[in-house]
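This report refers to the structure that appears directly beneath it.
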Amino acid sequence: MVQRLSRLLPKGFACARSSPALSGDFAGVALDGSERQYSWQHARAAAAALVTAGLGSLLVLRPQTSECEEAKLASAGQTQRKQPALPIYHAEDVANHNNKEQGVWVTYKDGVYDVTDFLEMHPGGASRLMLAAGGAIDPFWAMYQQHQNDEIRSLLEGYRIGSLAGGQDMSQQVADPYSHEPQRHPALIVRSQKPFNAETPAALLIGKLYTPNDLFYVRNHLPVPAVDLAAYALRIEGEGLRTIELSLKDLQTMFKRHTISATLQCAGNRRIDMSDLKDIKGTTWAAGAIGNAEWSGVTLKDVLEYAGLDESSETDAEHVQFEGLDSDMEGVCYGASILIEKAINKGADVLLAFEMNGRPLSKDHGYPVRVIAPGIVGARNVKWLSRIIISKEESQSHWQQHDYKSFSPNTDYDTVDWDSAPAIQEPNVTSAICSPNNHEAVTTSEGMIPVKGFAYRSSRMKSGGGHSIVRVDVSADGGKTWTVADLRSVPAKRSRAWSWSLWEAEVPAPAAQRDIEIICKATDNAYNTQPDSVAGVWNLRGVLNNAWHRVKVQVTDQ
């Protein structure tokens, strides 16, 4: 246990147990003997694990040269020894520590940090952190601004080994890669600014079957790229293809135009419900990271046939990889892939789309061309499309290999094996209540509460028409009784249903009860239905939460 927990601690420290109570601050003794205080997420996690294991309730950091023994905190008000000055390093010293053999050092502002022991724990992977080895981490934090919070800064501070000579700053006035972002509608609920991520207010999701473009949720992983349309060319290459490049005009004039209705949903939609159960790293989405639109473009199947690949082609390729124009300062672009069977299947309706609800794509939604792979989670619907690759392998991008995967509720970042789980492709059946809002005061009419929401499980129908959601059940008494909601859906074309269903119901309120929890669950055409508990589907990335949606309301007048 102690050996495992020690991996969470800064280099040169080990763990010990103590008492009496778990605290947000953790006493530490540096190698030079000075005492310090740490408020650190990993230390708190390790301390909590010690408590669970019955080994004590307070984590104390000690030199690895001393035994991991009982430590006693200084009594309240006791004066600590003054922390001596940290060593001074020059930029050349840092630059020489750019590999695991010499140690991996980085700088942040005027600080020097040895992050060698953190490489394998980095959520983005060791390779991503190694890009900053021997230099400033500031440009990366400017790109991935989820690092810009007190918790992460405190974590980094645990690895500080010194300061830069003369207070020099190796970041050299980092240019803001997000300085040319487009304007967004103020009604969007912003979950992060850089990269920009925002969801549609729940009440606006249920107004129309098609979500207005300006109110459609935005999921960006990197800065929005500036696209020169005159120079834009989509490159198609790979197994069994002749390499070709197509301009936007080529796509619009050389191939038959198709229009489909399809819902896109972020795999992390409703992550906030999982976060309420246990902490999760990721954008804190409520239920609004979803939207439905009418997409126009050309089919991927037609374009691949033009390049030499169709359903009758003999090829060992199994995947179609997509790369976007959005990239970081090292030129690493966003990437994802889908199975080739999906790409070349006429009934799969995979589009290279250039219009959304009858208008050219906006910058946030992938201008000039994006992938629309209906029935696939949003992460694989690559925006600002620049390259298509037919390959025996799926995309090797971080977002395909080390993100957007689901694991057992018992798996954490200390035990996760990313290769043990497949990349998420198809979403599961889900639904959510959009009205009333959580904790809203409601009035009843003849003892009934009006409830509205959406349900989604996109699929290709095997025969006949209809839509993939066949029923939504709503309850206000803990599931003792259920009301079947009325569904409203986009008619399925050619027996394919890619859009959500909007629903509404009048639900009886329990008599003489003021505090009520309303729940809903959906069932699809294969009779898959939602699980009742978040606990059973919780996972470290907070993806694919399709537990019953729950909204607590207070009845003010019955």
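For segment 381-388, does any single residue satisfy the condition of being open to solvent by 10 Å² or more (accessible area, probe 1.4 Å), part of a strand (DSSP E or B), at pLDDT 95 or above and in contact with a Leu (Cβ under 7 Å, 6 or more places away or on another chain)? Looking through segment 381-388, at least one residue is open to solvent by 10 Å² or more (accessible area, probe 1.4 Å), part of a strand (DSSP E or B), at pLDDT 95 or above and in contact with a Leu (Cβ under 7 Å, 6 or more places away or on another chain).
Consider segment 320-339 and keep the residues that are of a type in the set (A, V, I, L, M, F, W, C) and modelled with pLDDT under 95. The one that is farthest from Gln400 (Cα to Cα) is Met329.
To keep it simple, each residue is scored yes or no on (1) over 20 Å from Ser362 (Cα atoms); (2) in contact with a Lys or Arg (Cβ under 6 Å, 6 or more places away or on another chain); (3) free of Cβ contacts under 8 Å to residues at least 24 places away in the same chain.
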position	(1), (2), (3)
Ala203	yes, no, no
Glu237	yes, no, no
Glu245	yes, yes, yes
Phe255	yes, no, no
Asn292	no, no, no
Val298	no, no, no
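On inspection, Tyr367 qualifies as open to solvent by 30 Å² or more (accessible area, probe 1.4 Å), modelled with pLDDT of 95 or more and on the phi < 0 side of the Ramachandran plot. Of the residues making up segment 511-528, those that are out of contact with any Phe, Trp or Tyr (no Cβ under 7 Å at 6 or more places or on another chain), of a type outside the set (A, V, I, L, M, F, W, C) and surrounded by 18 or more Cβ atoms within 10 Å (Cβ to Cβ) are Thr523, Asp524, Asn525. Across segment 300-333, the number of residues qualifying as without any contact (Cβ under 8 Å) to a residue 60 or more places away in the chain and either of a type in the set (Lys, Arg) or buried (at least 24 other Cβ atoms within 10 Å of the Cβ) (or both) comes to 1. The test for being in contact with a Lys or Arg (Cβ under 9 Å, 6 or more places away or on another chain), open to solvent by 40 Å² or more (accessible area, probe 1.4 Å), more than 21 Å from Pro223 (Cα to Cα) and not polar (S, T, N, Q) does not hold for Asp349.
Looking across segment 389-413, the residues that are assigned to a loop (DSSP other than H, G, I, E, B), open to solvent by 10 Å² or more (accessible area, probe 1.4 Å) and within 16 Å of Val320 (Cα to Cα) come down to Lys392, Glu393, Glu394, Gln396, Ser397. Just one residue in the set Ala289, Ala233 is on the phi < 0 side of the Ramachandran plot and crowded, with 20+ Cβ neighbours inside 10 Å; that residue is Ala289. Any residue at all in segment 532-547 that's open to solvent by 10 Å² or more (accessible area, probe 1.4 Å) and either without any contact (Cβ under 8 Å) to a residue 12 or more places away in the chain or outside any loop (DSSP other than H, G, I, E, B) (or both)? Scanning segment 532-547 turns up no residue that is open to solvent by 10 Å² or more (accessible area, probe 1.4 Å) and either without any contact (Cβ under 8 Å) to a residue 12 or more places away in the chain or outside any loop (DSSP other than H, G, I, E, B) (or both).
The values are calculated or read from the model by the stated rules, or taken from the named source; none is laboratory data. Since we're looking at a predicted model, the values are computed, not measured. FYI the Cβ positions are ideal-geometry reconstructions off the backbone, even for glycines, and counts take in every protein chain you see. Heads up: the accessible areas ignore ligands, DNA and RNA and are worked out on the full protein's heavy atoms, side chains in. Shrake-Rupley method; radii C 1.70, N 1.55, O 1.52, S 1.80 Å.
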